[in-house]
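Trainee: This is the structure I want to talk about, given as structure tokens.
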Amino acid sequence: MTETDDAEPGTATTPPFGPALHRYARGQLDAAGEWLRVDGEPGKRLHKGIHQGRKALRRVRATLALGQPALGPGAELVDRELRRLVRGLGDVRDGQALVETLDRLHADSSGTPIAANLEHARRAVVRRRAALAEATLAADPGLARRRAMLAALAGTLDALPWHALDADTVAEALRASAASVEQARARVAATGRDRHWHRWRRRMRRQSQQYTALQDGGLDPPRGQSAGSAAGVDKDTAVLLGVAQDLSLLLDHCDRGGGFGKADRTALAAFAQAELAKLRERLRACA
């Protein structure tokens, strides 16, 4: 029996999961290639392109996870290479994320003593961001090598046995994703360690991306995963976890290698630690 054989006559049916998710994943892979096309117009295009390109690649990875184990070892190969690409652009994205974080904190702290420290830090971070971008484009002009890798991976993606991906496979993947989120949440509640906070954020992001893949693919959640299950993907909590990650990123740069002056390092570290503590206290209500 196919995924639509048991539908009542005259009722709308859900398209087969495999082809729909294949189309979605391929669309995101192609979109990533376009976002990473920065030849001839670096600068702002580079930073926005890397940010959006990495997001698209993470969506492909989340979709591939929905199809395992049905998609087989070829999917694992694609996932591994996409992870490498995403991580390889992480430093440039972190530079941009830090600028955005400092801008947001400065807007919220206008007229306070910390505002001057945030301004000094922003100038240092912008210089660092420019150096990272220059080095990245020098090693891979226009990001052409990375786009070529995506083009090669597209063929492997298309050759995966998408026909073998059915509703049961997707349902089991969603259950595993929910279990991973719950496990990560419990570890935060038990330990409060930074790495567990980061893991909770990543697991929630993956779960949200999987429901987005279903929705954008025109798919209803499979049996046992009602449409209401998507409500379990707490967008507000995910946003707060992202803000917490930005504060952690700022803290990571408040050492001697971060490029900040000593006075700015000291003031910003104390400020970021206090803000992070308040934010995590709010999040613990969810944990």
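The values are calculated or read from the model by the stated rules, or taken from the named source; none is laboratory data. Because the structure is predicted, anything quoted here is derived from the model rather than measured. Because the Cβ atoms are built from the backbone with ideal geometry, glycine has one as well, and the counts that use them run over all protein chains shown. Just so you know, the surface numbers come from the protein's heavy atoms only, side chains and all, with ligands and any DNA or RNA stripped out. Shrake-Rupley method; radii C 1.70, N 1.55, O 1.52, S 1.80 Å.
Trainee: Mind checking which residues of the range 154-172 are open to solvent by less than 20 Å² (accessible area, probe 1.4 Å), in a helix (DSSP H, G or I) and closer than 16 Å to residue 79 by Cβ?
Mentor: 154, 157, 162
Trainee: Here's a check for you: in the range 173-204, which residue that is in contact (Cβ under 8 Å) with a residue 40 or more places away in the chain and surrounded by 19 or more Cβ atoms within 10 Å (Cβ to Cβ) is farthest from residue 56 (Cα to Cα)?
Mentor: This residue is 188.
Trainee: Going residue by residue through the range 100-109, is there one that turns out to be over 30 Å from residue 25 (Cβ atoms), open to solvent by less than 20 Å² (accessible area, probe 1.4 Å) and not in a helix (DSSP H, G or I)?
Mentor: Yes: one or more hits.
Trainee: Could you please tell me which pairs satisfy a Cβ distance under 7 Å, a separation of 6+ or placement on different chains, a first residue in the range 132-143 that is within 13 Å of residue 38 (Cα to Cα) and open to solvent by less than 50 Å² (accessible area, probe 1.4 Å), and a second residue that is assigned to a helix (DSSP H, G or I) and not aliphatic (A, V, I, L, M)?
Mentor: Listed pairs, sorted by first residue: 140/146.
Trainee: Across the range 62-85, what is the total count of residues that are open to solvent by less than 10 Å² (accessible area, probe 1.4 Å) and assigned to a helix (DSSP H, G or I)?
Mentor: Here the count works out to 7.
Trainee: From the set of residues in the range 88-99 that are part of a helix (DSSP H, G or I) and of a type in the set (A, V, I, L, M), which is farthest from residue 249 (Cα to Cα)?
Mentor: Once the filter is applied, the top-ranked residue is 92.
Trainee: Test residue 287 against the criterion of being at pLDDT below 95, aliphatic (A, V, I, L, M), open to solvent by 60 Å² or more (accessible area, probe 1.4 Å) and farther than 25 Å from residue 54 by Cβ, and give yes or no.
Mentor: No: the conditions fail for residue 287.
Trainee: Follow-up question, since we're still on this one. Looking at this structure, is residue 9 open to solvent by 40 Å² or more (accessible area, probe 1.4 Å) and either modelled with pLDDT of 95 or more or under 30 Å from residue 135 (Cβ atoms) (or both)?
Mentor: no
Trainee: While we're looking at this one, here's another question. Residues of the range 261-276 being under 15 Å from residue 248 (Cβ atoms) and either basic (Lys, Arg) or in contact (Cβ under 8 Å) with a residue 40 or more places away in the chain (or both), which ones?
Mentor: If the condition is that a residue be under 15 Å from residue 248 (Cβ atoms) and either basic (Lys, Arg) or in contact (Cβ under 8 Å) with a residue 40 or more places away in the chain (or both), then 268, 271, 275 are the ones that fit.
Trainee: Still on this structure, I have one more. If we scan the range 212-221, do we find a residue that is under 19 Å from residue 52 (Cβ atoms), hydroxyl-bearing (Ser, Thr, Tyr), out of contact with any His (no Cβ under 7 Å at 6 or more places or on another chain) and open to solvent by 20 Å² or more (accessible area, probe 1.4 Å)?
Mentor: Yes.
Trainee: Tell me which residues, restricted to the range 110-140, are outside any helix (DSSP H, G or I) and either touching a Cys at 6+ places or on another chain (Cβ under 7 Å) or farther than 13 Å from residue 46 by Cα (or both).
Mentor: Listed by number, the residues that qualify are 110, 111, 112, 113.
Trainee: List the number of the failed condition for residue 262; all other conditions in (1) modelled with pLDDT of 90 or more; (2) open to solvent by less than 30 Å² (accessible area, probe 1.4 Å) hold.
Mentor: Looking at each condition in turn, residue 262 falls short on (2).
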